[in-house]
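The values are calculated or read from the model by the stated rules, or taken from the named source; none is laboratory data. Everything quoted here is computed from the prediction, not taken from an experiment. Here Cβ is always computed from backbone atoms with ideal geometry, including for glycine, and neighbour counts include all displayed protein chains.
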Amino acid sequence: MRKVRFHDLRHTGAALLHEQGASARTIMQVLGHSSVRVTMDIYTFVRLDERRDAIGRLGDALSEDTDPGRPRRFVIH
């Protein structure tokens, strides 16, 4: 069995809460941080699919084409 540190469990818990849509303030309080900035800077991240979705929505907003079936112009690798 792989050795797991308590700190690893905190990261996993924060990531799972974030994935499930918990607010940053809620995650902060669960982890016992005094600042939401610590929680956001260290324990959470933006998933690749979230970044792609955000860029796609930006492309849609900037596009004059109203065809929703048209492929998006912006891609993140």
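Any residue at all in the range 2-22 that's at pLDDT below 80 and polar (S, T, N, Q)? No; the residues of the range 2-22 include none that is at pLDDT below 80 and polar (S, T, N, Q). Among the residues of the range 29-49, the ones that are on the phi > 0 side of the Ramachandran plot and surrounded by 11 or more Cβ atoms within 10 Å (Cβ to Cβ) come to 0 in all. Restricting the first member to the range 36-56 and to residues that are under 16 Å from residue 24 (Cα atoms), and the second to residues that are of a type outside the set (A, V, I, L, M, F, W, C) and in a loop (DSSP other than H, G, I, E, B), the beta-carbon pairs closer than 7 Å and six or more apart or on different chains are 39/33. Before we move on, is residue 46 of a type outside the set (Gly, Ala, Ser) and part of a loop (DSSP other than H, G, I, E, B)? Taking the combined requirement at face value, the residue satisfies it.
Consider the range 1-18. How many of its residues are more than 18 Å from residue 44 (Cβ to Cβ) and assigned to a helix (DSSP H, G or I)?
So in the range 1-18, the residues more than 18 Å from residue 44 (Cβ to Cβ) come out as 1-6.
Add one more test, that the residue is assigned to a helix (DSSP H, G or I), and what stays is 6.
Final tally of qualifying residues: 1.
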